[in-house]
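Everything on this sheet refers to the single structure shown next.
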Number of protein chains: 2
Amino acid sequence: MLNNAEISELLKKARLRPTRQRIFVASLLFGSEHIHVSAESLHHKIKQLGQKIALATVYNCLHHFHKAGLLKKVNAVNDVIMFDTNLSYHHHFLNVDTGELTDIDEATVSIAELPKLPDGFETESMELTIRVKPQS
Amino acid sequence: MLNNAEISELLKKARLRPTRQRIFVASLLFGSEHIHVSAESLHHKIKQLGQKIALATVYNCLHHFHKAGLLKKVNAVNDVIMFDTNLSYHHHFLNVDTGELTDIDEATVSIAELPKLPDGFETESMELTIRVKPQS
DNA sequence: AATTGATTTAGAATGATTTTAAAGTAATGT
DNA sequence: ACATTACTTTAAAATCATTCTAAATCAATT
């Protein structure tokens, strides 16, 4: 858990102005467990905590944090962009019913062989998505 | 290339009424190379061919074809649902600049080790997405 | 404290997709 | 063939996530 001064510092390091809203949003994202959020889900959580931040601001925050390298954008499936506080290269289980994402421990996956890239291209990132559903 | 009777047969087998519109849409999708389409891109192609089918009908077609197992839904990235006529288990290169998808030959990828699934869940599908960008 | 430039915000706009409800068409029984 | 029924198509409205706009606010700098 980070205090406001620490969060302020973190934002400054990322060249983001530590505004009231950004500090609050950052406090929900950083400093504890890695989490996955969408703008909508985060905004909802904020409202539940009795705070009032415009949805557009949440979008702005998430995108700024992403640009600054504080968040990873996760391949959305149900039209909803998810952001991941876990920046390291990793894969996901995707619950196809709920859209919920769960990190896969990198150590439990190994990709033995990869195709060669199209000419003139380089890899930006690589992600394995295992779509799962409740056993029928 | 399939003729209309063959396409009609294909639709009937999938328990879909072989209507004029579906036959036309199916003729663009099946019978030659595997392709990736969005509702919008397919509708555009149809208009270019001088035909007139409502965009909503294209959406309906694609979803019906998908439900019937004739198309695979591909993890969209730029908000656009892509459908793939290649039903077999396979992976994609994703051009992050354009959203364009390219199939990866399955033989060139091998995943050596996989994590165990969460309890009570089963795998629906699994997809490796290699996001690529023009070499900088 | 005043200026400047970035940020926040409500609300409008956008773009993909879905829904609605009416009109059209295919399949089925007669 | 003909009527009935059920499914399809369609334009237009609705919806949902997201982005834009323009005015108000705020943080950093002079």
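Here, each number is a calculation from the coordinates, and none is a lab measurement. On a predicted model such as this, the values are computed, not experimentally measured, just so you know. Because the Cβ atoms are built from the backbone with ideal geometry, glycine has one as well, and the counts that use them run over all protein chains shown.
Residues in the stretch B:27-74 that are in contact with an Asp or Glu (Cβ under 8 Å, 6 or more places away or on another chain), within 14 Å of DNA strand C (Cβ to nearest atom) and within 21 Å of B:GLU9 (Cβ to Cβ): B:LEU71 alone. In the stretch B:108-131, what count of residues is obtained for those that are more than 20 Å from the chain's Cα centre (by Cα), more than 20 Å from A:LYS133 (Cα to Cα) and among the hydrophobic types (A, V, I, L, M, F, W, C)? The qualifying residues number 3. Considering B:LYS72, B:LYS52, B:LYS67, the condition of being under 24 Å from A:VAL96 (Cα atoms), of a type in the set (Lys, Arg) and away from every other protein chain (no Cβ under 14 Å) is satisfied by B:LYS67 alone.
Taking the listed residues B:ALA14, B:ALA5, the one that is without any contact (Cβ under 8 Å) to a residue 60 or more places away in the chain, within 27 Å of B:HIS92 (Cβ to Cβ) and not basic (Lys, Arg) is B:ALA14, with no other qualifying. Taking every residue in the stretch B:99-118 that is more than 9 Å from chain A (Cβ to nearest Cβ) and pairing it with any residue that is surrounded by fewer than 11 Cβ atoms within 10 Å (Cβ to Cβ) and assigned to a loop (DSSP other than H, G, I, E, B), at least 6 positions away or on another chain, the pairs with Cβ-Cβ distances below 8 Å are B:GLU106/B:SER88; B:GLU106/B:TYR89. Identification of strands (runs of 3 or more DSSP E) wholly contained in the stretch B:37-119 with 3 or more residues that are surrounded by fewer than 17 Cβ atoms within 10 Å (Cβ to Cβ) and more than 16 Å from DNA strand D (Cβ to nearest atom) yields B:110-113.
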